[in-house]
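In what follows, a structure is listed as structure tokens, so that the remarks can point back to it.
The values are calculated or read from the model by the stated rules, or taken from the named source; none is laboratory data. Keep in mind that this is a model prediction, so the values were computed, not measured. Because the Cβ atoms are built from the backbone with ideal geometry, glycine has one as well, and the counts that use them run over all protein chains shown.
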Amino acid sequence: MSDYHVLPTRRLMGAVRVASPAPPKAVTLKSPAIDVMTDLRHTQAAVIELHMTMESANAYMMQRGVRSLLVLNQDDILAGIITASDILGEKPLRFIQERRVKHKEILVSDIMTPLDRLEAISMGDIQHAMVGDVVVSLLDAGRQHAFVIENGADSKPAVCGIFSLTQIEKQLGVSIPSTEVARTFTEIEATLIAH
């Protein structure tokens, strides 16, 4: 252990604060889209397995402070996504009625949105996009989330980022109107500027 040295310490006294992370970067519709992307190359993705219960998924979301979880199969391959809306919406009630199961028996795989119903945006397209492009894309698709993909080291697609409408709203500092309220980018922009 002669290669290592005891680090100097000092006694704590007086008013000592605890550091907190910087707030999300303030953005506008014209900011680079990458500014509102959760970059999974630098942030651990919130994931859950197919066979876990819906209740455990909800508890894990609350623990992590997120509103969605990526669902992985037994080989750690993306199988879908489960959102707070899936858990707290009508899906569980319909599933209980159709299958005659108890609420606590519903699995993530029963109510998640499967991979074949998901879409992704290429990282190459994101590098040249603005926040407004992402907002319009999410509203056009009627989605709260969008995946960003790039080819991994094995040349196979890998999810490297996620856009969340909730996160974008936080960073913009305004509520984004739904597609029923605002159908065009001009209407969306006017609403955001008015706030």
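Details
- Residue check, LEU118 closer than 29 Å to ASN58 by Cβ, of a type outside the set (Gly, Ala, Ser) and at pLDDT 90 or above: no
- Residue check, MET52 in contact (Cβ under 8 Å) with a residue 24 or more places away in the chain, crowded, with 16+ Cβ neighbours inside 10 Å and farther than 30 Å from GLN127 by Cβ: yes
- The one condition in (1) assigned to a helix (DSSP H, G or I); (2) touching a residue at least 24 places away in the same chain (Cβ under 8 Å); (3) out of contact with any strand residue (DSSP E or B) (no Cβ under 8 Å at 6 or more places or on another chain); (4) among the charged types (D, E, K, R) that ASP86 fails to fulfil: (3)
- Of all residues in region 100-130, those satisfying the criterion of being of a type outside the set (A, V, I, L, M, F, W, C), farther than 15 Å from PHE163 by Cα and touching a helix residue (DSSP H, G or I) at 6+ places or on another chain (Cβ under 8 Å) are LYS102, HIS103, LYS104, ASP110, THR113.
- Subset of region 24-53 (residues that are modelled with pLDDT under 90 and either more than 17 Å from the chain's Cα centre (by Cα) or farther than 27 Å from GLN63 by Cβ (or both)): ALA26
- Set LEU172, LEU139, LEU192: member being among the aliphatic types (A, V, I, L, M), out of contact with any Gly (no Cβ under 7 Å at 6 or more places or on another chain) and at pLDDT below 80: LEU192
- When residues of region 60-71 are limited to those that are in a helix (DSSP H, G or I) and in contact with a strand residue (DSSP E or B) (Cβ under 9 Å, 6 or more places away or on another chain), the one surrounded by the fewest Cβ atoms within 10 Å (Cβ to Cβ): TYR60
- Selection count where residues are part of a helix (DSSP H, G or I) and either in contact (Cβ under 8 Å) with a residue 40 or more places away in the chain or surrounded by 10 or more Cβ atoms within 10 Å (Cβ to Cβ) (or both), scope region 94-108: 8
- Lone qualifier among ALA146, ALA79 - being under 21 Å from ILE168 (Cα atoms) and either touching a Pro at 6+ places or on another chain (Cβ under 9 Å) or surrounded by 12 or more Cβ atoms within 10 Å (Cβ to Cβ) (or both): ALA146
- Among the residues of region 54-77, the one identified as under 15 Å from the mean Cα position of the chain (by Cα), farther than 17 Å from PHE163 by Cβ and among the hydroxyl-bearing types (Ser, Thr, Tyr) is TYR60.
- Residue within region 151-158 that is in contact (Cβ under 8 Å) with a residue 40 or more places away in the chain and within 17 Å of the chain's Cα centre (by Cα) present: no
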